[in-house]
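This report refers to the structure that appears directly beneath it.
The values are calculated or read from the model by the stated rules, or taken from the named source; none is laboratory data. The structure presented is a predicted model; accordingly, all values stated were derived computationally and were not measured. We place every Cβ from the backbone using ideal geometry, glycine too, and count neighbours over all the protein chains shown. Just the protein is used for accessible areas: all its heavy atoms, side chains included, with ligands, DNA and RNA removed. Shrake-Rupley method; radii C 1.70, N 1.55, O 1.52, S 1.80 Å.
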Number of protein chains: 2
Amino acid sequence: MALTPVEAVACCLPLNREPLSQEAAERIVPMLKALADPVRLRLLSLVASHEGGEACVCDLNDAFELSQPTISHHLKVLHGAGLLEREKRGVWVYYRSSPSAMSSLAALISDTTT
Amino acid sequence: MALTPVEAVACCLPLNREPLSQEAAERIVPMLKALADPVRLRLLSLVASHEGGEACVCDLNDAFELSQPTISHHLKVLHGAGLLEREKRGVWVYYRSSPSAMSSLAALISDTTT
């Protein structure tokens, strides 16, 4: 059963291309807030770099000296911000990074300085 | 007189390349925290997209319905996180986005999904 991810965010031009609108900023900020935490940033990276681009909670618990409920809380925040998609298969929930969220962030912060 | 910017952050591989280390996460998170605010995100974009890639406070005050001290506060936070560099010329302070900070963020969040 696929759980409903947050609606895809269609966003953005690079920050240095043109001034970001208030509307675009307000769509992006929740993602940045969710990412602005060392555990969540590492969790997202663990999921995104995991074999096949997905990981279940069972793959993630060993990576942190944190309780399983704490890990689940952080995963929920990442999912709530649209950064992680999740799908229940059997007894486990599998996570993968949201391609549309990652594309939006990458477009916004793309390095056009080089 | 060039004011000293925060030390350049040499960082990171894409999030989906390999699990981000705790050390790397802790270097990146202050930048994400600084960005995770609609006014600051728009300020950074205004500076980065301004003619010549730099802007003085005089160019920024009109873009927001905020007091000049509030704008200055947000610019200080962006500078403190290493996202903006600043230089005093004459009576004005000029800001530009930090190439190394933007490169680090772009590398981390580069879109390797396409």
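Observations on the model:
- Considering each residue of segment B:83-101 in turn, at least one proves to be open to solvent by less than 70 Å² (accessible area, probe 1.4 Å), aromatic (Phe, Trp, Tyr), within 20 Å of residue B:33 (Cα to Cα) and in contact with a helix residue (DSSP H, G or I) (Cβ under 8 Å, 6 or more places away or on another chain).
- Comparison of B:27, B:42, B:17 shows that the only residue that is farther than 18 Å from residue B:103 by Cα and open to solvent by 10 Å² or more (accessible area, probe 1.4 Å) is B:42.
- Residue A:78 over 9 Å from the mean Cα position of the chain (by Cα), of a type in the set (A, V, I, L, M) and buried (at least 22 other Cβ atoms within 10 Å of the Cβ): no
- Residue match in segment B:65-72 (condition: at the interface with another protein chain (Cβ under 9 Å from one of its Cβ atoms), open to solvent by less than 50 Å² (accessible area, probe 1.4 Å) and more than 27 Å from residue A:99 (Cα to Cα)): no
- Looking only at segment B:73-103, residues that are more than 9 Å from every other protein chain (Cβ to nearest Cβ), of a type in the set (Ser, Thr, Tyr) and out of contact with any strand residue (DSSP E or B) (no Cβ under 7 Å at 6 or more places or on another chain) come to 1 in all.
- Residue A:45 satisfies every condition listed in (1) touching a strand residue (DSSP E or B) at 6+ places or on another chain (Cβ under 6 Å); (2) under 18 Å from residue B:30 (Cα atoms) except (1).
- Listed by position, the helices (runs of 4 or more DSSP H) contained in segment B:1-66 that have at least 2 residues being modelled with pLDDT of 95 or more and more than 15 Å from residue A:36 (Cβ to Cβ) are B:38-49.
- Checked against (1) touching a Pro at 6+ places or on another chain (Cβ under 9 Å); (2) open to solvent by 30 Å² or more (accessible area, probe 1.4 Å), residue B:54 passes all but a single condition, namely (1).
- Tabulated pairs, segment A:36-60, first within 10 Å of another protein chain (Cβ to nearest Cβ), second assigned to a helix (DSSP H, G or I) and charged (D, E, K, R), C-beta under 7 angstrom, 6+ apart or interchain: A:36/B:33; A:38/B:26; A:50/A:59
- Selection count, segment B:82-99, where residues are in a strand (DSSP E or B) and in contact with an Asp or Glu (Cβ under 6 Å, 6 or more places away or on another chain): 2
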